[in-house]
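The values are calculated or read from the model by the stated rules, or taken from the named source; none is laboratory data. Source: prediction; values computed, not measured. Cβ: placed from backbone, ideal geometry, glycine included. Neighbour counts: every protein chain shown. Remember, those area values only see protein heavy atoms, side chains included, never the ligands or the DNA or RNA. Shrake-Rupley method; radii C 1.70, N 1.55, O 1.52, S 1.80 Å.
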There are 2 protein chains.
Amino acid sequence: MKALRWHGPRDLRLVDLVACELRPGEVRIRVAYCGICGSDLHEYADGPHAIPIERPHPISGRCAPLTLGHEFCGVVVESVDPEIEVGRRVAIEPAYRCGECLYCRQGQYNRCISMGFAGLMGDGGLAESVVVPAYMVHRLPDEVRFDQAAALEPAAVALHAVRTSGLRAGDACAVFGMGPVGLLTVAMLRQCGAGEIIAVDVHANRLALAGAMGASRAVNASREDSASTVFAATSGRGAAIAFEVAGSQASLDSTLACVRKGGEAVLVGLMGKAQIDVFDIVNRELRLTASVGYRDVFPTLMAWTARGLIDPSAIVTRKVSLAQAVSQGFNALLADKDQVKVLVAPNGEDMA
Amino acid sequence: MKALRWHGPRDLRLVDLVACELRPGEVRIRVAYCGICGSDLHEYADGPHAIPIERPHPISGRCAPLTLGHEFCGVVVESVDPEIEVGRRVAIEPAYRCGECLYCRQGQYNRCISMGFAGLMGDGGLAESVVVPAYMVHRLPDEVRFDQAAALEPAAVALHAVRTSGLRAGDACAVFGMGPVGLLTVAMLRQCGAGEIIAVDVHANRLALAGAMGASRAVNASREDSASTVFAATSGRGAAIAFEVAGSQASLDSTLACVRKGGEAVLVGLMGKAQIDVFDIVNRELRLTASVGYRDVFPTLMAWTARGLIDPSAIVTRKVSLAQAVSQGFNALLADKDQVKVLVAPNGEDMA
């Protein structure tokens, strides 16, 4: 069984592994597609960030070297869970949960004190097959293609961010950063009844894609002041809600600048220390709401995709084999911002 | 008519003014008490901050020199509004509102684009009498004393902060900074059904007062780690909501550190630029909610005070005459942290 394993920064190895035996509560998935995420790129470029290297993750029991990839789907090829039959097409919701902490007991499993993801804190989907806990498995509707299913995971991040916000029908929204999650946030806002949807980035191709996915206006922040444009597009009112998905100080500044008094900035992008102007935030009664991961959204996303209301695969710009994953996937994404989402097909196109 | 006027930093002048004629929609108040606020101290120590000096405020039409003091109450002595009779005891809600902007039209007058306060952007209550717009006047219930009424304004800031938060009955709360607003936030939380109410400051006398006002626990941050104490006091869970009322980086850090995942930090204290750890905030799905001023809370506060449910005057540590206001009020508050709220009685104790 071939797998792409993280051994260290700039050290991904395509290796042949012996498939391990299933333990209770586990299923084996033959992977159809696995997307490469921005966090995978960070681990590749200068990790480890989330990958455990000294102590095993408390739920997965694993540490590096491990198989990357947490955006995947496929077919059940082995199962010890009687409710999950072999041959079933499935999407994977790769979030570990302990089931016992304060947060898990309240159903807030994205806040689990041992929060982690298969493909970062345990073996993931950049492999011909992968073993996951049965609770990660969602039965895929027949109408949902595998290339759509592989993009459900970033779509889940986007939908959770929208659900975490106080979005009300017709609200003017701005989204900063047209990476995969930003683009899918635009799509979710269109599906969830936002009014103006203003997409902000510095790459023309990504802005064009944002328009195709539902943005009412695309702002190139390298050529115009995004906050001024947002105010102009909203009769001088400003955005009711702005989503910071780029993860940079400049984007955070613009996100806060473009919202109206009493408005909301939803923090999705990860960055370290940042500066904020508390005087301004207090005087405008802004709200900064953070969103991480997702919970309880995969079923909705699969249903919307099956009904043709959203198409998560719209962000996919390239499909490659497992052997091409580093050169045509990881390196291409780092070098070329016209690449948005690369899907890896570890078992070739016969499963597509 | 004697008034204490701000002419510049460290330049408050007790002057004798000729009372001006009332314009339509105005009433004249003989002041019973006027409290000295932290923002008055800032204007005195190193202003101007909010006081207009070059262009008049768009609603008051005034700029410096002007009479300080926005926490006041008294008796109506002249009125051109037929609904407000002479002799009525009143509390003043000193917030200007234009009535026409996007926010005023939605009733969010604390977000008015011309937001301002009588006593900062127009003449205030550190005077024998003051003229205010009729909309600022609330009829005082007979049961509410003037020394209680003078403290309704900071109590309004506190209650608005609690109302802006997502407080639910039984929530564990922490309050950082036991100045007047922090102490009154403790009192509001007690009145509004909070569970644990943990008060944090570095001054023993202020912490003792916090206990008297309803705090279940008082933490001296100069002697113990406030976040550790909050977690210990909440079975390791952390606060559901923490209020930052001190307005300092250290207090903001502690406020964010003591809340549980998914918890809320309410920003009330004013400071300039501050640093936050976005990575931590996103991963814990925190919410930062800003609160400024107040709206629609004076009637509730007067009713609660009349029924004995709260006592805003509990923060009052000294009462002085207008002639003593600088030496025994402003200077004492700057020098001595055991002084919390000083009330000035411009017409002497005969109105108390």
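In chain B, the inverse of the mean reciprocal separation of distinct Cα atoms equals 20.6 Å; this is its Kirkwood hydrodynamic radius. Here A:Asp277 yields copy-to-copy label distances, from shortest upward, of 2.6 nm, the label point defined as 7 Å from Cα along Cα to C-beta.
Sorted shortest first, the distances from the A:Gly308 label point to those of the same residue in the other copies are 7.1 nm; each point sits 7 Å from Cα along Cα-to-Cβ. Ligands, DNA and RNA are left out, and with a 1.4 angstrom probe the accessible area of chain B is 38 Å² per residue. With the charge dipole of region A:51-135 set up from +1 on Lys and Arg Cβ and -1 on Asp and Glu Cβ about the Cα centre, the Cα lying farthest toward the positive end among the listed residues A:His57, A:Val132, A:Ile84 is that of A:His57.
Kindly provide log₁₀ I(q)/I(0) values, in the same order as q = 0.14 Å⁻¹, from the Debye equation applied to equal alpha-carbon scatterers of region A:166-290. Per q value, in the given order, log10 I(q)/I(0) is -0.50. When chain B is turned onto chain A, the axis of that turn runs closest to one Cβ of chain B, and that residue with its distance in whole Å is B:Leu288, 2. Report the calculated FRET efficiency for A:Cys63 and A:Thr300 (r = Cβ-Cβ distance, R0 = 25 Å), to the nearest 0.05. It comes to 0.15. DSSP beta bridges in the protein assembly as shown, what fraction antiparallel, as a percent rounded to 5? Within the protein assembly as shown, antiparallel bridges account for around 55 percent of the total. Here is how far apart the A:Gln324 label points are across copies: 8.6 nm, shortest first, using a point 7 Å from Cα toward Cβ. Inter-label distance, B:Asp11 to A:Leu22: 8.4 nm, where each label sits 7 Å from its Cα along the C-beta direction.
Using a Gaussian network for chain B with springs between C-alpha atoms less than 10 Å apart, which of these wobbles most: B:Pro52, B:Pro24, B:Pro154? Looking only at B:Pro52, B:Pro24, B:Pro154, the biggest GNM fluctuation is shown by B:Pro24.
Computed about its Cα centre, the charge dipole of chain A is approximately 480 debye, with only Lys, Arg, Asp and Glu carrying charge at their Cβ.
Here the accessible area is traced with a 1.4 Å probe on the protein chains. For the protein assembly as shown, carbon and sulfur cover 49 percent of it. Mind running the shape call on region A:261-352? Use the C-alpha gyration tensor, a ≥ b ≥ c as the square roots of the eigenvalues: rounded below 1.5 for a/c, prolate if a/b tops b/c, oblate otherwise. Oblate shape, in that a/c is at least 1.5 and b/c is the bigger or equal ratio. DSSP assigns beta bridges within region A:166-290; of those with both partners inside it, close to 0 percent run antiparallel.
Between B:Ala19, B:Met271, B:Ala239, the Cα set farthest toward the positive side of the dipole of chain B (charges on each charged residue's Cβ, about the Cα centre) is that of B:Ala239.
Near A:His160, once Lys and Arg are set to +1 and Asp and Glu to -1 for all other residues with Cβ below 12 Å from its Cβ, the sum equals -1.
Compared with the alpha-carbon gap, the fully stretched path from B:Ala208 to B:Glu78 is longer by 42.6 nm at 0.36 nm per residue. Under a Gaussian network description of chain A, with springs only between Cα atoms under 10 Å, the residue in A:Cys20, A:Cys258, A:Cys101 that fluctuates furthest is A:Cys20.
What number, in percent, do you get for the relative contact order of chain A if the mean sequence gap of Cα pairs under 8 Å and at least 6 apart is divided by its residue count? Taking the mean separation of contacting Cα pairs over the length of chain A, I get 18 percent.
Among B:Lys341, B:Lys319, B:Lys261, the largest mean-square fluctuation in a Gaussian network model of chain B (Cα springs under 10 Å) belongs to B:Lys261. Accessible area buried by the pairing of B and A, both sides summed with a 1.4 Å probe, works out to roughly 3600 Å².
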